[in-house]
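Okay, structure first, notes after.
Values in this text are rule-based calculations from the coordinates and carry no lab data. What you are looking at is a predicted structure, and each value in this text was computed from that prediction instead of being measured. Note that we place each Cβ from the backbone using ideal geometry, even for glycine, and neighbour counts take in every protein chain shown.
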Amino acid sequence: MNSFELHNPTKILFGAGKVKQLAELIEPYGNRILFVYGEGSIKRTGLYDEVLVQLNGIEASVYELSGVEPNPKLSKVNEGIEICKQEKIDFILAVGGGSVIDTGKAIAAGALYNGNVWDFIEYRAVIRDALPVGAVLTLAATGSEMNSGAVITDWDRKLKRSMVSKWLFPKFSILDPKLTLTVSPEQTVNGIIDMMSHVFEQYFSKTTDTPLQERFAESLLLTIIENGEKVITDSKNYEARANLLLAGTYALNGTLSTGVVSDWSSHSIEHELSAYYDIAHGKGLAVIFPNWMKYVYLERVDRFVQYATRVWNIDPVGKSDEQIALEGIEATRTYFKRIGAPTTLRELGVGNEKFDLMTEAAVKFGPIGTFKKLNKADIRSILESSL
Ligand code: NZQ
Ligand code: ZN
């Protein structure tokens, strides 16, 4: 195991009705609020009204930034930064899925910066301060509710990239499983794939002697697989939604990567797909991940055997390690298919026309990944096998 430091300051309020505590959570930060949300789901579910009741309770001056799209765009972030600067906003409240929370975080960093917020992404300018952000999460998927990252797309330049800073941890996040009962089957599946992928990125690691991290990862995968299947057949199952929500948060709140080197190359490849085709993050991952696994599994066949036997119950008797590993990878693909995720790029309307552009962009700062370092040709092979 490697040495590590862990500090996660986000306060989590988990459970039905926790939105009622919103006013008391925000009050210490001031009452000029930027209320960020998406394209309307919170109005349809009534959450929008509930939030306004809370904000009225602290006599807040509320400025709204609505219409945040999936794969959130830089233009919307800049709109929010402008409001923060003009209206002297004290606090950013993000209510929605990962796209809304990421937009809120990027606005928070840009609002206290004199340059272009994209500097934090493209030039790795260091974030030295940010407005406080709080979140009410409505979709189990990204883990943004309890982590320090934000992923933003500059649509004009076809760049989907992340910024990371300790300043981007939400001050608090409200996780009410009830708020996720209305998530469509399609978005639910995207979320399941995303959280499983987060576990994979940290589990398929070259670091050895990490039994706790491995078992923690495996228990998260088992919980996601089991409860994922439940919510697909019974979308209003509160307990299954609750288990999924908690698993999604733990999958990317820093816990799994303690003491291990994580990979993130499948995410990088997927971000190129989303940047060029605006496809949902979870859909791109569903296609890429099993093909990445197949491309890299010989780097550490023992970890893939462990994955196959512990997570998918593959019977090892009479089989070679390679065979067991491959059966585990196939079980992953079969599960993705069973819950309704795409398994080929063609299903997403993606051909090989832009592979040159995407692979070039993916390696702009050098080869990606740590489990197996991937250069342009490697990424192209993975994309070709995903067609
Ligand atoms: O916009 P509204 O109307 O709210 O609808 C959204 C959106 O259309 C809908 N939705 C959300 N909650 C709902 C609901 N519909 C009905 N009932 C509810 N309760 O779902 C759609 C998708 O929302 P989005 O926020 O885009 O989904 P998700 O949470 O999966 O976020 C995806 C984004 O996060 C990034 C992804 O790349 C992608 O841009 N990621 C962020 C990460 C992070 N910050 O740590 C890590 C991830 O790996 C990921 O890259
Ligand atoms: Zn992800």
In units of 2.2 N^0.38 Å, the Cα radius of gyration of region 258-387 is 1.07
Suppose a student asked you for the relative contact order of region 125-257, using Cα pairs under 8 Å spaced at least 6 residues apart; what percent would you report? 33
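What value, in deg cm²/dmol to 500, does the helix sum -39500 (n - 2.57) over DSSP H runs of n ≥ 4 give at 222 nm once divided by the residues of the chain? The partial results should precede the final answer.
On the way: 15 runs with 187 residues, N = 387.
Here the helix-only value at 222 nm equals -15000 deg cm²/dmol.
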Considering just Cα atoms, how many Å³ per residue does the convex hull of region 1-63 enclose? 150
Using alpha-carbon coordinates alone, the radius of gyration and Dmax of region 179-312 in Å work out to 14.8, 42
Taking region 1-106, which trypsin sites (Lys or Arg not before Pro) meet the DSSP loop condition and have no more than 16 other C-beta atoms within 10 Å? 88
How much of the calculated P(r) for region 28-107 lies past 14 Å, in percent of all Cα pairs? 57
Once each part is reduced to its C-alpha centroid, what is the distance from region 46-99 to region 165-212 in angstrom? 23
Which percentage, to the nearest 5, of the DSSP beta bridges contained in the chain is antiparallel? 25
Compute log10 of I(q)/I(0) for the chain with the Debye formula, placing one identical point scatterer on every Cα and leaving out solvent, at q = 0.06, 0.12 Å⁻¹, to two decimals. -0.22, -0.91
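What is the dipole size for the chain, taken about its Cα centre, with +1 at each Lys and Arg Cβ and -1 at each Asp and Glu Cβ, in debye to the nearest 20?
160
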Would you mind ranking 154, 49 so that the residue whose beta carbon has the fewest other beta carbons within 10 Å leads the list? 49, 154
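Taking region 211-307, which trypsin sites (Lys or Arg not before Pro) meet the DSSP loop condition and have no more than 15 other C-beta atoms within 10 Å? Display every interim value, and only then the final one.
On the way: sites: 215, 230, 236, 241, 283, 294, 300, 303; in loops: 236.
Loop-located and lightly packed - 236.
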Just need the relative contact order of region 104-144 here, percent rounded to a whole number, with Cα pairs under 8 Å and 6+ apart. 42
Relative contact order of the chain (C-alpha contacts under 8 Å, at least 6 apart) in percent is 16
Here, residue 186 and residue 122, labelled 7 Å along Cα→Cβ, have an inter-label distance in nm of 3.2
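Where both residues lie in region 119-204, what percent of DSSP beta bridges are antiparallel, nearest 5?
Of the beta bridges lying entirely in region 119-204, close to 60 percent run antiparallel.
Need one number: the % of Cα-Cα pairs in region 44-192 sitting beyond the 28 Å mark.
Numbers: 1710 of 11026 pairs.
Above the 28 Å cut-off, region 44-192 has 16 percent of its Cα pairs.
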When ranked by the protection proxy of mean other Cβ atoms within 10 Å per residue, highest first, what sequence do the peptides 133-144, 51-62, 305-316 form? 133-144, 305-316, 51-62
Estimated vicinal HN-Hα couplings, Hz - region 101-113 in sequence order (Karplus 6.51, -1.76, 1.60; Gly, Pro = x): 5, 4, 5, x, 5, 5, 4, 4, 6, x, 5, 10, 10
